[in-house]
Amino acid sequence: LAKTTQPISMDSYEGQEVNITCSHNNIATNDYITWYQQFPSQGPRFIIQGYKTKVTNEVASLFIPADRKSSTLSLPRVSLSDTAVYYCLVGDTPGTASKLTFGTGTRLQVTL
Amino acid sequence: DTEVTQTPKHLVMGMTNKKSLKCEQHMGHRAMYWYKQKAKKPPELMFVYSYEKLSINESVPSRFSPECPNSSLLNLHLHALQPEDSALYLCASSQDLDGAFFGQGTRLTVV
């Protein structure tokens, strides 16, 4: 399984764009990259998933360079409610019973 | 229905008790998971079920016993737990490219 490395914490002001980068140097050909958000005492919530290039949905964008050894989660115009822990996961065959192994995560603190 | 429901939300049990955690989903997902999460740590994978069969056991002690009675239900039977087993226990399910859906967890305290 590809190991992921993320910054332990990040700070941002409300209204700014936040980019969280995840390093996954030994990602395999079949691996997808998935990001989750977790608030205290709640289960993680799926944010976005991608394989290569760029993926965008209503809450975030995911940028994956050609070598796929890293990925960047971009949160546009964050608000106080985006304060949470963000996890990057790498694994194959999404949706099947594969190992969903969480890394240490990035604790994002948004302030006024 | 895009929810994973876990019951109970909170559980306090003694070290000699036997209790069960329950997880239910009606999304038709065929993969279901149990995770354990300690405070300020990432979730740790415990078990994975695929089509109602145990496919992954992450060397979890036998005092934790999973069960998948049907495609919608996942149980975690607890027996002779230790205080260090106190944690948030999370259930999840997945099927396609929409990622895994997690329940809100059961906050377990072993006294």
So which residues in region A:66-78 are surrounded by 12 or more Cβ atoms within 10 Å (Cβ to Cβ) and either over 13 Å from the mean Cα position of the chain (by Cα) or among the hydroxyl-bearing types (S, T, Y) (or both)?
-> A:R68, A:K69, A:S70, A:S71, A:T72, A:S74, A:P76, A:V78
Residue count for region A:78-111, restricted to those that are modelled with pLDDT under 95, touching an Asp or Glu at 6+ places or on another chain (Cβ under 7 Å) and part of a loop (DSSP other than H, G, I, E, B) = 2
Could you tell me whether region B:90-104 includes any residue that is in contact with a His (Cβ under 9 Å, 6 or more places away or on another chain) and over 27 Å from A:G50 (Cβ atoms)?
-> no
Just one listed residue, out of A:Q6, A:Q42, A:Q16, is within 13 Å of the chain's Cα centre (by Cα) and of a type outside the set (D, E), and it is A:Q6
Pairs only if they're at least six apart or on different chains, beta carbon under 7 angstrom, first in region B:76-104 and closer than 30 Å to A:I33 by Cα and surrounded by fewer than 19 Cβ atoms within 10 Å (Cβ to Cβ), second at pLDDT below 95 and aromatic (F, W, Y); list them, first residue then second.
-> B:D98/A:F46
What residue, among those in region B:30-50 that are more than 13 Å from the chain's Cα centre (by Cα) and either within 8 Å of another protein chain (Cβ to nearest Cβ) or of a type in the set (D, E) (or both), is surrounded by the most Cβ atoms within 10 Å (Cβ to Cβ)?
-> B:P42
Hits in region A:28-48 - residues which are in a loop (DSSP other than H, G, I, E, B) and either at pLDDT 90 or above or within 14 Å of chain B (Cβ to nearest Cβ) (or both) = A:N30, A:F39, A:P40, A:S41, A:Q42, A:G43, A:P44
Scan region B:51-75 residue by residue and report those that are crowded, with 19+ Cβ neighbours inside 10 Å and within 20 Å of B:E3 (Cβ to Cβ).
-> B:L74
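The values are calculated or read from the model by the stated rules, or taken from the named source; none is laboratory data. The shown structure was predicted, so the numbers you read here are calculated from the model rather than taken from an experiment. Glycine gets a Cβ as well: all are built from the backbone with ideal geometry, and neighbour counts include every protein chain shown.
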